[in-house]
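Everything on this sheet refers to the single structure shown next.
The values are calculated or read from the model by the stated rules, or taken from the named source; none is laboratory data. This structure is a prediction, so every number in the text was calculated from the model and none was measured. Reconstructed Cβ throughout: ideal geometry from the backbone, glycine too, with neighbour counts over all protein chains shown. The accessibility values were calculated without ligands, DNA or RNA, using every heavy atom of the protein model including side chains. Shrake-Rupley method; radii C 1.70, N 1.55, O 1.52, S 1.80 Å.
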Amino acid sequence: MKNNILKYALFSAVLLLTGVSLNSCNSDDSAGGTPMLSVFGPSPALRGGDLRFLGVNMKGVTGIKLQGADEIKDFTSQTESEVDITIPQSAEPGLVTVNYDGGSIVTKSELTFTEPISVDSAYCENKPAPRYGDKLIITGDYLNLIKQAIFMGGDTVMSANFISQSRKKIELTIPRGAKAGHLTLSNGATIPVTVFTPAVAIQPPVYRTDNPITPLTVKPGKDSVDIYGANLDLVKAVTFAGTKLAGFRLVSQTQIRALVPLDAQDGKVILVAYASGLTVTSTVDMTMEMPAVTSVSPIPVKNGGTLVLAGTNLDLVTAVSFGKVSATISSQSETQLKITVPIATNSTTCTLTMASTKTLNVTGISYIEPTVTTFNPYSLTAGESTTLTGTDLDLVSSVTFSGSGSLTVSSFASQTSTSLALAVPVTAVTGTVTLNLVNGNEVSISSGLTIKPATDPAISGTPQPSSPGKSITITGRNLNSVEAFYLGTTKITKYTSRGDESVTMVVPSTISLGTYAINMVDYSGNTFTGPNIIIQSPEYTISKDNSGFTFPGTLTWADGGRFHIYFDSPVDMISLGITTSSKIYIYKNAGETGQAQINDANWGTLTTATDWDGSLTRVEVPVTSAILTAINSTRDGWSNTCLIIQGNGFTVSKVTILP
């Protein structure tokens with residue numbers, strides 16, 4: 001029995017009508033008036049099927065004339081809006097005439113017909129499961145109308161490429177991309193008529209059961225593997241674990257040779273067939289060889305020097321790191337790897353990373369530390385200079401002395417691997433000298449230098465910037481011997497406290513902004529010059545509780561965790577004379593990491609301030625021209641907002657501006 005009888009989509013063809021009797025609708029075109037045809041269909045239609053005519057006053061239709069058939073007057077249905085007929089077997093393609101008393105209507109579109117295409121079978125002679133290249137035979141009726149044979153997965157054979165085609169049979173060659181399952185036969189029309197064949201069991205590529213892949217342990221980027229199975233000529237790609245495509249060569253229908261990609265990972269091998277969506281996964285796992293390190297030298301190694309690893313498969317290494325610090329590979333072969341040790345690392349583990357992302361840790365790394373053999377002079381007064389001699393002193397980033405105040409020296413008069421010259425802080429005393437190394441380690445020296453207290457007044461370190469009328473505190477030694485302090489030539493007249501090691505003074509309100517040397521005059525009239533101090537405009541707090549945000553508060557990206565800055569409160573920012581040299585400061589807790597996004601009043605993003613290592617308690621935001629515009633003129637039309645700050649990770653205690 002024939003199966004898969006033609007399935008087709010019913011659709012309506014809108015027609016322009018000829019006006020034989022009437023050219024347009026008028027006031028008489030109401031119920032009982034002249035019939036007016038709007039649409040008919042379907043077309044193409046099936047002989048013996050229904051044909052529908054839609055319009056108005058269709059009760060007045062007396063007959064319908066199809067080409068090749070007698071006028072039809074026996075309607076299957078007739079209403080004011082529709083007339084239905086059964087298409088006779090003798091009907092032929094052509095224009096249709098709708099008759100009524102006193103006239104007729106001729107359609108402008110022709111009625112066409114489709115034939116009842118059917119499929120009986122689809123097979124390959126003497127082969128229950130055909131494969132690519134075999135001849136497939138399809139039997140049925142009206143197969144001469146077929147323009148396309150579409151396999152599962154979408155691979156299509158056009159009628160021009162059929163081996164043969166007749167009303168009862170199609171013969172075609174199975175394409176490489178054919179997939180097992182039903183074929184879809186189409187007449188190729190814009191709205192096609194389609195029928196389906198029985199399922200065809202087309203052979204896919206398969207692995208053989210025993211030893212499908214050899215070898216299973218390989219060196220990526222160098223070794224090849226042999227893949228065995230059947231129908232392997234249907235494979236268009238080979239992928240290793242990690243979806244890494246491999247170059248391959250087809251040896252035969254039963255063998256593929258594939259180069260293992262450098263970035264291949266342990267796991268399955270997948271064969272990708274030409275047939276869309278068809279893949280075959282191996283039942284066995286591949287294992288990628290790893291480097292092996294047999295020796296590490298020198299140990300200890302010098303920061304900035306070369307570490308040499310010996311072993312096997314070291315050419316697989318693509319990156320090296322010490323802790324979180326990346327290192328540079330200076331030379332590489334299969335048996336040796338030379339690495340430039342980062343200056344800033346003190347990690348005892350060296351991590352080798354492969355293209356596959358696998359890693360190998362080399363442990364037991366240690367680092368050369370400087371030695372000090374002499375100080376010259378070995379006895380001195382605080383504030384004087386000395387030279388350290390020894391080994392690997394170029395690894396020293398700063399030196400810390402015993403005593404009070406600021407005792408770390410990071411600026412050296414000279415530095416080589418064997419000597420280091422520096423000035424001893426004026427508040428230093430005899431005790432441990434600590435060498436702070438570039439990699440973060442420390443070396444303590446407990447003897448060898450005698451430091452006599454200085455008798456002259458001296459200031460240790462550099463004071464923080466201050467403002468007119470604000471207090472500054474300086475620390476040092478012998479400060480009680482100072483009769484008067486000066487900022488440049490401006491005398492300090494007001495003190496909060498005075499001691500031998502600390503003095504707190506008030507910056508004169510009349511002093512101009514700028515940088516001044518701190519000068520000290522003792523009771524004998526001798527002048528001693530200390531470090532410079534910057535006198536700048538005062539910081540103004542520009543934040544206040546608002547929009548559900550209370551200071552200190554946690555900064556977020558949502559309401560309640562963002563806040564507004566107003567141009568007129570708590571200070572009049574317009575009158576401060578803000579410029580692009582000004583700074584905004586966001587105060588936060590030490591140890592917090594995150595970001596603060598600064599937006600204008602209309603939510604236009606201006607900049608983002610960050611602290612990703614948690615080292616800051618005050619995040620600086622330079623005032624850009626865009627921020628200056630936001631403060632001075634960008635408004636939202638309903639509030640005095642000039643800036644909106646949101647973000648994450650910070651507990652904000654206040655926001656200030658330094659004009």
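Across the stretch 396-466, Cα-Cα pairs farther apart than 14 Å form 63% of the total. In this structure, residue 648 and residue 398 have a Cβ-Cβ separation that, at R0 = 22 Å, corresponds to a calculated FRET efficiency of about 0.05. Here are some pairs, 236/268; 302/324; 324/583; 219/338; 244/358; which of them have Cα atoms lying more than 24 Å apart in this structure? As for pairs spanning more than 24 Å Cα to Cα, those are 324/583.
Here the relative contact order of the stretch 277-397, from alpha carbon pairs under 8 Å that lie six or more residues apart, stands at 20 percent. Dipole check for the stretch 594-659: with +1 at the C-beta of Lys and Arg, -1 at the C-beta of Asp and Glu, and the Cα centre as origin, the magnitude is about 160 Debye. If you take the charge dipole of the chain about its Cα centre, with +1 on Lys and Arg Cβ and -1 on Asp and Glu Cβ, which of 378, 214, 203 is farthest toward its positive end? The Cα lying farthest towards the positive end belongs to 214. Against the empirical 2.2 N^0.38 Å (N residues), the stretch 542-631 has a Cα radius of gyration ratio of 1.08. Ranking 281, 657, 523 by Cα position along the charge dipole of the chain, where only Lys, Arg, Asp and Glu carry charges on their C-beta atoms, puts 281 farthest toward the positive end. In order along the stretch 170-184, the phi-based Karplus estimate (6.51 cos²θ - 1.76 cosθ + 1.60, θ = phi - 60°) of 3J(HN,Hα) comes to 10, 10, 8, 8, 5, x, 5, x, 5, 10, 4, x, 6, 9, 9 Hz; Gly and Pro are listed as x. Here the 3J(HN,Hα) profile of the stretch 49-63, calculated from phi with Karplus coefficients 6.51, -1.76 and 1.60 at θ = phi - 60°, is x, 8, 10, 10, 10, 10, x, 10, 6, 6, 5, x, 6, 9, x Hz, Gly and Pro shown as x.
In a fully extended conformation the segment linking residue 112 and residue 230 would gain 37.6 nm over its present Cα-Cα distance, using 0.36 nm per residue.
Working note: Karplus 6.51/-1.76/1.60 with θ = phi - 60° gives the stretch 215-226 the couplings x, 9, 10, 9, 9, x, x, 10, 7, 10, 10, 9 Hz, where Gly and Pro are set to x.
Only beta bridges with both residues in the chain are counted; by DSSP, about 95 percent of them are antiparallel.
Compactness of the chain, taken as the C-alpha radius of gyration over 2.2 N^0.38 Å, stands at 1.78. Full extension of the chain between residue 222 and residue 361 gives 47.7 nm of extra length, using 0.36 nm per residue less the Cα-Cα distance. Each label point was placed 7 Å from the Cα along the Cα-to-Cβ direction; for residue 497 and residue 373 their separation is 4.8 nm. Once the Cα-Cα distance is subtracted from the 0.36 nm per residue extended length, the residue 340 to residue 419 segment shows a gain of 26.1 nm. FRET efficiency for the pair residue 81 and residue 101, taken as 1/(1 + (r/R0)^6) with r the Cβ-Cβ distance and R0 = 30 Å, rounds to 0.95.
Among the chymotrypsin sites (Phe, Trp or Tyr not before Pro) in the stretch 524-609, those located in a DSSP loop and surrounded by at most 15 other Cβ atoms within 10 Å of their own Cβ are 557, 603. Solvent-accessible surface of protein heavy atoms, probed at 1.4 angstrom with all chains present, puts 393, 576 in the order 576, 393, largest first. The coefficient of translational diffusion for the stretch 371-437, derived via Stokes-Einstein from the alpha carbon Kirkwood radius under 25 °C and 0.890 mPa s, stands at 209 µm²/s. If I model the stretch 173-242 as equal point scatterers sitting on the Cα atoms and use the Debye formula, what is log10 I(q)/I(0) at q = 0.17, 0.20, 0.27 Å⁻¹? Values, matching the q order: -0.80, -0.95, -1.25. Amide H contacts under 5 Å for residue 41: 52, restricted to partners 5 or more places along the chain or on a different chain, H placed in the peptide plane at 1.01 Å from N.
Once label points are set 7 Å from the Cα along Cα→Cβ at both residue 126 and residue 447, what is their separation, rounded to one decimal in nm? Result: 10.4 nm between the two label points. Between residue 527 and residue 385, the simple label model (points 7 Å from Cα in the Cβ direction) yields a spacing of 2.4 nm. Placing 477, 498, 47 in order of accessible area, with the largest value first and a 1.4 Å probe, yields 498, 47, 477. Spatial offset of the stretch 75-131 relative to the stretch 400-464 amounts to 105 Å, using the alpha carbon center of each. For residue 180, the residues whose modelled amide H falls within less than 5 Å of its own, excluding neighbours fewer than 5 places apart on the same chain, are 202. Between the amide H of residue 262 and those of 221, distances stay under 5 Å, these residues lying 5 or more places away or on another chain, with hydrogens modeled in the peptide plane. Residue 59 sits with roughly 120 Å² accessible to a 1.4 Å probe, with DNA, RNA and ligands left out of the calculation.
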